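Notes follow once the structure below has been shown.
The values are calculated or read from the model by the stated rules, or taken from the named source; none is laboratory data. Owing to the predicted nature of the structure, the values given are computational and were not obtained by experimental measurement. For neighbour counting, all protein chains shown are included, and Cβ atoms are generated from backbone atoms with ideal geometry for every residue, glycine included. Ligands, DNA and RNA are stripped out before the accessible areas are found, and what is left, the full protein with its side chains, is counted by its heavy atoms. Shrake-Rupley method; radii C 1.70, N 1.55, O 1.52, S 1.80 Å.
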Amino acid sequence: MPGTKKVFVKTFGCQMNVYDSERMTEALAQYGYTVADTPESAELIVLNTCHIREKAAEKVYSDLGRIREVKEERRQAGKNTVVAVAGCVAQAEGSEIIARAPVVDLVIGPQSYHRLPELVFRAQSESRRIVEVAFPEEDKFANLPARAATVPGTQIAPASAFLTIQEGCDKFCTFCVVPYTRGMEYSRPVAAIVAEAESLVARGVRELTLLGQNVNAYHGEGPDGATCSLAGLINRLAEIDGLERLRYTTSHPNDMSEDLFAAHRDQEKLMPYLHLPFQSGSDRILAAMNRKHTADDYRRVIERLRKVRPDIALSTDIIVGFPSETQEDFDATLALVEEIGFAQAFSFKYSARPGTPAAKIAEQVPEGVKTERLHRLQERLEAQASRFNEGCVGKIVQVLFERPGRQAGQLVGRSPYLQPVHVEGAPEYLGRVIPVEISAAGMKSLSGVIRAA
Ligand code: SAH
Ligand code: SF4
Ligand code: F3S
């Protein structure tokens, strides 16, 4: 069916939401939707939301304020608009969204995306407001259409793609909403993942990042009926011709299994980079967070990783100002950061989330203290990132080129360590892994010269 209707999707939050937005767009493409560049030109506006911190959730409501004006202008021009809120705010707040934002026609939780086209049609044809936030029995992944040959509405076939292999979390860290918004841990079967990976590779994808809230807890059904681990899946996917690189995120320190260390040692397609959140360097705070690991447990995991893969680049997530965090606890976090040395890191002020156990702890840390601690921590992390990047200057690194740069004649790709790398180069290098000599480094990226034959 030719594209007569347009959809505008805005994505907040984590990589899983980026992946989900692609799947939603592909599901809608089957019903004639093409991608709109602006909300003004769209019959359907989807906000794919994030609930992880208060700021993330509040952004949605400020966006809905602007969308209300767009919908009104379109109405005056005689055009209909359906406004849908998807993602983790949808799951967490459900009908509250409908009550708070009259502009919204449809609220759809992450487990119901295979029903998005049908629910949009019903919201429109029955002109009623729909809330769908159940955790249905049927498998969303099995009911979504197979992957499209290109990104819908474009000719783009990106070199790197996300692929969700596991969703949900049973860990219940006391600060976190994810177990409530994404549900219980679920691993997709190996055969379904391999089929999807093969279709993405046929589309031109050369690198896959396997996604899950606890991706290293992956335990999907293998083709032989036995349970397959993440390492087993990585080794299976590495057999796909044309797939050159594999990554996975996000992992939990307690789920780093023997065979995963072995994969980091032996599997050439597995890139030397690991995002492994530790959240806090204080054992007292880690216990209050229900992380079920100590700072020493984390040290031991890193030690083992570095033994099998000495050049591995490490990334992490850290929370400052968790309830009752003292100066001493925070100093333990700084000390752990100094000791390990990260190539990259994401750090956040603790944000109390409704319904989570930590939000009920009496001793909340004052905002000013959180701000000051975050600032001190980020100074250290930024210095470490710069140092890591500067260490690459003069070296040859293998870069997978993903897209044209901002200036004409420029290309941007990624090193094995996930650093963005800028070069001057012809578009024919896009989608290929090419050696680059690094000539300069900043805190966030590298630049260099192609040294290809
Ligand atoms: N599944 C991932 C994390 C998902 S959320 C994991 O388990 O590591 C990404 C990061 O957001 C977390 O690692 C944590 O550092 C941060 N985060 C989660 N809840 C938060 C909260 N209530 N306040 C501040 N940061 C939070
Ligand atoms: Fe949230 Fe903890 Fe689960 Fe990560 S492991 S998603 S931080 S509950
Ligand atoms: Fe946000 Fe949901 Fe991802 S809360 S971080 S979009 S899993």
Cross-link reach from Lys360 to lysines, straight Cα distance under 30 Å and at least 8 residues apart if same chain, gives Lys55, Lys59, Lys171, Lys292, Lys349, Lys370
Ordering 351-360, 79-88 by per-residue average of other C-beta atoms within 10 angstrom, highest first, gives 79-88, 351-360
The answer for the range 396-450, accessible area per residue at 1.4 Å probe in Å², is 50 Å²
Residues other than Val83 with Cβ under 9 Å of its Cβ, Lys/Arg counted +1 and Asp/Glu -1, net out at +1
Projected onto their principal axes, the Cα atoms of the range 312-448 stretch, largest extent first, over whole-Å spans of 59, 31, 23
The rounded separation in angstrom of the Cα centers of the range 354-430 and the range 36-63 is 24 Å
From the Cα centre of the range 252-314 to that of the range 180-207, the distance in Å is 23 Å
Net charge near Glu437 (other residues with Cβ under 10 Å of its Cβ; Lys, Arg +1; Asp, Glu -1) is +2
Mean accessible area per residue over the range 141-390 (1.4 angstrom probe, all protein chains present, square angstrom) is 40 Å²
Averaging 1/r across every pair of distinct alpha carbons in the range 141-390 and inverting yields a Kirkwood hydrodynamic radius, in angstrom, of 19.5 Å
Once both label points are put 7 Å beyond Cα along the C-beta direction, the Ala77-Phe121 separation in nm becomes 2.7 nm
Per the Kirkwood formula over distinct C-alpha pairs, the hydrodynamic radius of the chain in angstrom is 23.4 Å
Carbon plus sulfur, as percent of the 1.4 Å-probe accessible area of the chain, comes to 52 percent
Mean accessible area per residue over the range 5-132 (1.4 angstrom probe, all protein chains present, square angstrom) is 43 Å²
Stretched fully, the stretch from Ser41 through Glu372 gains (0.36 nm per residue minus C-alpha distance, one decimal, in nm) 114.8 nm
Diffusion coefficient in µm²/s returned for the range 5-132 by Stokes-Einstein, Kirkwood Rh over C-alpha pairs, 37 °C and 0.692 mPa s, is 230 µm²/s
Relative contact order in percent for the range 5-132 (Cα pairs under 8 Å, 6+ apart) equals 24 percent
With the 8 Å Cα cutoff and a minimum separation of six or more residues, the range 50-195 has a relative contact order in percent of 19 percent
Along the range 327-344, Karplus-curve 3J(HN,Hα) (6.51, -1.76, 1.60; θ = phi - 60°) to the nearest Hz, with x for Gly and Pro, reads 4, 5, 4, 5, 4, 5, 5, 4, 5, 5, 4, 4, 5, 7, x, 10, 7, 7
For Ala231, the net charge from surrounding residues (Cβ-Cβ under 9 Å; K, R +1; D, E -1) works out to -2
For the chain the mean separation of alpha carbon contacts under 8 Å (6+ apart) over residue count, i.e. relative contact order in percent, is 10 percent
Taking Rh as the Kirkwood radius computed over alpha-carbon pairs of the range 198-242 and applying Stokes-Einstein at 10 °C with viscosity 1.306 mPa s, one gets a diffusion coefficient in µm² s⁻¹ of 137 µm²/s
Given backbone amide H placed at 1.01 Å from N, residues whose amide H is under 5 Å from that of Thr316, ignoring those fewer than 5 places away on the same chain, are Leu276, Gln344, Ala345, Phe346
Mean projected area, convex hull of alpha-carbon positions in the range 86-191, reported to one decimal in nm², is 9.1 nm²
